[in-house]
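What follows is a short report on a single structure.
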Amino acid sequence: MLLRNSQILLRAVEPEDLDILYKWENSTALWIHGNTLAPYSKLVLRQYINDTLSMDIFQSKQLRLMIELTDKGTTVGTVDLYEVDAFHRRAGIGILVDENYRRAWLYGDWDVVAGSFFGDLWRKDRHVLAPFKIPSDWYCYRTFDWGSTKPFSVGWWTIADGTKAPDGVYYPRGAIIKFSEWYGCKKDSPNTGLRLTSKEVAKGVKELDAKFAKEYGIKINPGPADPAIYASDDGPSIAENMKSVGVTWVPADNSRLAGWEQMRERLKGTEDDKPLLYVFNTCLDLIRTLPGAPRDEAIWDDIDTEYEDHALDEARYACMFRKREFGGFDMYGGKR
């Protein structure tokens with residue numbers, strides 16, 4: 001069965017819809033709109049799909065149609081008819097549209113990808129800022145994810161202390177703001193590194209540290225870096241090479257699941273709907289790669305490691321920076 005216009009088509013449920021139905025039916029945020037009280041297993045949903053294929057609307061008294069975008073073939077929701085009464089020509093109707101596409105249509109936010117790891121939380125209008133001068137008394141630090149054949153990513157971050165920022169906004173105390181980045185990617189070649197040596201990268205970082213110190217009157221503190229840079233195979237490690245140039249780091253907490261959850265918590269923010277993670281609009285590669293980051297199909301709470309995740313890893317290190325590493329600051333940005 002096909003009902004179509006220039007933008008969407010309504011089609012019958014197919015066995016291939018199992019995974020997306022499993023996601024929607026087990027979203028507790030949607031349960032208040034129906035009569036679901038417990039999670040559905042894939043076994044139950046597979047039987048449901050088989051039943052819909054073998055029974056007509058007059059037998060089951062219900063009909064589910066899948067909403068599909070005609071240009072992309074992407075399934076974005078469902079239309080449900082229930083308690084169908086053919087004699088009186090009436091039925092109940094329920095319409096579900098995936099959260100990411102609701103946001104895209106309501107707010108014009110087309111950066112998100114359905115099913116992406118951060119797609120339910122990320123919004124440019126909430127998380128992306130126009131640059132302002134970093135206050136000299138805000139704690140600043142940098143983060144680093146190493147790459148040679150793949151891109152490296154260096155980020156410069158500051159911690160809001162709850163006072164009024166130069167742009168007139170009171171950012172929550174402890175919110176982290178990425179105000180600059182250096183993404184070592186070959187031009188017009190996504191996910192291809194510059195193949196710079198560790199000392200060359202360190203020299204670039206040192207120059208940028210000095211630039212920010214002069215421009216903002218701030219001190220850039222050593223922050224967390226990819227623990228892999230401390231590995232040594234019968235020679236100086238990457239960290240030792242960088243230290244010889246005058247650039248040091250703190251070994252990052254590389255707990256992936258805990259780190260991604262910390263990023264989600266910061267993107268979601270406070271109870272009064274203020275994020276705890278912001279990005280200047282000049283940090284193009286984090287803004288480019290964060291919205292579409294896909295989940296790992298095998299580990300649902302992780303990001304697919306085949307994805308271009310270098311800026312994301314570096315941001316994860318920033319979120320996992322422990323209070324003992326803040327050198328006089330607690331993890332909420334206040335003086336200890």
Counting only GluC sites (Glu not before Pro) that sit in a DSSP loop (anything but H, G, I, E, B) with at most 16 other Cβ atoms within 10 Å, what is the longest stretch of the chain containing none of them?
1-270
How high is the relative contact order of the chain, in percent, counting Cα pairs under 8 Å that sit 6 or more residues apart?
16 percent
Before anything else, pin down the relative contact order of segment 1-97: Cα pairs under 8 Å, at least 6 apart, normalised by residue count, whole percent.
25 percent
Relative contact order, percent, of segment 188-331 when contacts are C-alpha pairs under 8 Å separated by at least 6 residues?
22 percent
Under a 1.4 Å probe, what is the accessible area of segment 28-102 per residue, stated in Å²?
69 Å²
Cα principal axis extents for segment 135-186, largest first, Å
42, 17, 16
Which ³J(HN,Hα) values in Hz, rounded to whole numbers, follow from the phi angles of segment 125-136 under the Karplus curve 6.51 cos²θ - 1.76 cosθ + 1.60, where θ = phi - 60° and Gly and Pro get x?
5, 9, 10, 9, 10, 6, x, 9, 6, 5, x, 5
Residues with beta-carbon under 12 Å from that of T192, excluding T192: net charge, scoring Lys, Arg +1 and Asp, Glu -1?
+2
In whole percent, how big is the carbon plus sulfur part of the accessible area of the chain, probe 1.4 Å, protein atoms only?
52 percent
Ignoring ligands and nucleic acids, L43 exposes an accessible area, probe 1.4 Å, in Å² to the nearest 10, of 130 Å²
What nm value, rounded to one decimal, do you get for the distance between K219 and D188 when each label is placed 7 Å out toward the C-beta?
4.5 nm
Which entries in K133/K199; K186/K268; K214/K268; K187/K219; K23/K72; K187/K243 show an alpha-carbon gap greater than 25 Å?
K133/K199; K186/K268; K214/K268; K187/K219; K187/K243
Contour minus Cα-Cα distance for A258 and L69 (0.36 nm per residue)
64.6 nm
Stretch L3-E200 to full length: gain in nm at 0.36 nm per residue minus the Cα-Cα span?
65.0 nm
Computed helical MRE - 222 nm, the chain, DSSP H runs ≥ 4 contributing -39500 (n - 2.57), nearest 500:
-8000 deg cm²/dmol
Stretch gain in nm, segment S60-E14, where the contour uses 0.36 nm per residue and the Cα spacing is subtracted
14.9 nm
In whole angstrom, how far apart do the alpha carbon centroids of segment 15-53 and segment 213-261 sit?
45 Å
Total formal charge among the other residues, if their Cβ is under 9 angstrom from that of E83, Lys/Arg +1 and Asp/Glu -1:
+1
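The values are calculated or read from the model by the stated rules, or taken from the named source; none is laboratory data. Please read these numbers as outputs of a predicted model, since none were measured by experiment. For neighbour counting, all protein chains shown are included, and Cβ atoms are generated from backbone atoms with ideal geometry for every residue, glycine included. Keep in mind that these areas ignore ligands, DNA and RNA; they rest on the heavy atoms of the full protein, side chains included. Shrake-Rupley method; radii C 1.70, N 1.55, O 1.52, S 1.80 Å.
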